[in-house]
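The values are calculated or read from the model by the stated rules, or taken from the named source; none is laboratory data. For clarity, every value in this text was computed on a predicted model and none was experimentally measured. No Cβ is skipped: glycine too gets one built from the backbone with ideal geometry, and neighbour counts run over all protein chains shown. Remember, those area values only see protein heavy atoms, side chains included, never the ligands or the DNA or RNA. Shrake-Rupley method; radii C 1.70, N 1.55, O 1.52, S 1.80 Å.
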Amino acid sequence: MQKIYISLCLIAIFAASGCDPKGQPDASTGDTLRVVTTIGMITDIVKNVGGKRVEVTGMMGPGVDPHLYKPTPKDVQRLGSAHIIFYNGLHLESKMSDILAKMSGDTLAVAVTDDVDRSLLLTPAEYEGLYDPHLWFDVKLWMEAVGKVRDALSEFDADNTVLYGSNAERYLAKLTELDAYVKSQVARVPSQQRVLVTAHDAFNYFGKAYGFEVRGLQGISTATEAGIADVQELATFIAERRIPAIFVESSVSSRSLEAVKAAVKSKGFDVEIGGELFSDAMGTDGTPEGTYIGMVRHNIDTIVQALIGK
């Protein structure tokens, strides 16, 4: 069934690309670059770097889990007519990997993590030898993705290299400020209280960059389901360490974390749900959390306030 699905998607992609010529868009006539992105964090980069020169469509909106996502028929049409596709790579969009690979000869498909030094990537033993794809939780490391988008846009649309370069420079300056803000907030939490417990194991880059011990109920991918033993093991850890708060995620069901909370209570300790974090998806368009910067600020503010009790 998976092979049939991929074949149908490819037929639709080639049909869309055949009906909609993808020649170099002419900026002088108001033509824009048609860009399709997967996750919201990449969409935000392209909007900031591309500016009015690009028309960007994000496939995965608020609350969407990229580990499990399959493109809709409308997505397939957009992929086929795009000048450039930006995706995360590192097996994040695992249900789309075959489609992206097979259409790369017809449309420029760019993994924004391709140029990141592999020695900086995390390789959890439980993730079957693959890299952890959640780079955006380390703001400094995610800045590498901005450079990749800038370079790809500049190479494809050389007449606007200066525009992309200046836009990227402004955005990178904002991300430098964001990284400093996260560090200043983290400094408010005593080192022994810097323990982050979430629904799935997406925050390891955050932990490494900002000095947190990180535990997730599920594995790196939400395709891996947690069992009763996992719930009990995590509950024991929370009760023994007397961790005051755990966190649900916007793109993962809260049911499993509620089960952990109940299991902790049965062990004689009360743990609070400290709030909702954005992990694999950003917030709603038009809200602060609908941008990468707003999402990161929301996350760190929520974590710090819950852990220090303010």
Just grab the label-to-label distance for A173 and D301, each label 7 Å out from Cα along the Cβ direction, in nm (one decimal). 2.4 nm
Under 5 Å, built H, 5+ apart or other chain: amide partners of D31: D26
Sorted by chain and number, the residues with a modelled amide H under 5 Å from that of L277, at a separation of 5 or more or across chains, are V248, E249, S250
Computed label-point distance, nm, for sites K74 and K267 using a 7 Å Cα→Cβ extension: 4.5 nm
Please give the solvent-accessible surface of I308 in Å², to the nearest 10, using a probe radius of 1.4 Å with every protein chain present. 40 Å²
Matching label, Cα Rg over 2.2 N^0.38 Å computed from the structure shown, candidates [x] 1.10; [y] 1.05; [z] 1.21: [y]
Leaving ligands, DNA and RNA out of it, rank T284, T113, T57 by accessible area with a 1.4 Å probe, largest first. T284, T57, T113
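Provide the packing ranking of 166-176, 63-73, 120-130, i.e. peptides ordered by the mean count of other C-beta atoms within 10 Å per residue, highest first.
Working: 166-176: 15.5, 63-73: 17.2, 120-130: 12.3.
Ranking, from highest mean packing down: 63-73, 166-176, 120-130.
Enumerate lysine pairs in the range 63-142 that are 8 or more residues apart or on different chains, then count those whose Cα atoms are under 22 Å apart.
4
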Taking θ as phi - 60°, what are the ³J(HN,Hα) couplings along the range 43-48 by the Karplus curve (6.51, -1.76, 1.60), each to the nearest whole Hz, with x for Gly and Pro? 3, 5, 4, 5, 4, 6
Sorted by mean Cβ packing within 10 Å, highest first, what order do the peptides 197-208, 150-161 take? 197-208, 150-161
Determine the sum of side-chain charges near G63: Lys and Arg each +1, Asp and Glu each -1, restricted to other residues whose C-beta is under 10 angstrom from that of G63. -3
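Tally Lys and Arg at +1 and Asp and Glu at -1 over the other residues with C-beta under 10 Å from the C-beta of F278: what net charge comes out? Walk me through the numbers before you get to the answer.
On the way: positive: none; negative: E249, E276, D280, E289.
Residues near F278 contribute -4 overall.
Any chance you could tell me what percent of the C-alpha pair distances in the range 159-310 go past 22 Å?
Details: 5043 of 11476 pairs.
So the portion of pairs separated by more than 22 Å is 44 percent.
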Once amide hydrogens are built 1.01 Å from N within the peptide plane, the residues lying 5 or more places from Y87 or on another chain with amide H under 5 Å from its amide H are V110, A111, V112
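Quick check: residue separation of T32 and K52 times 0.36 nm, minus the Cα distance between them. What number comes out in nm? Can you show the working numbers first?
Working: separation 20, 0.36 × 20 = 7.20 nm, distance 0.77 nm.
Stretched out fully, the T32 to K52 stretch lengthens by 6.4 nm.
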Per the Debye formula with a single identical scatterer at each Cα and no solvent contribution, what log10 I(q)/I(0) holds for the range 187-273 at q = 0.15, 0.18 Å⁻¹? -0.51, -0.74
How much length is gained if the chain between K140 and D106 is pulled fully straight, taking 0.36 nm per residue apart and subtracting their Cα-Cα distance, in nm to one decimal? 9.0 nm
Model label zone, K95; criterion: amide N under 11 Å from point 7 Å along Cα-to-beta-carbon; scope the range 36-75: 64-72
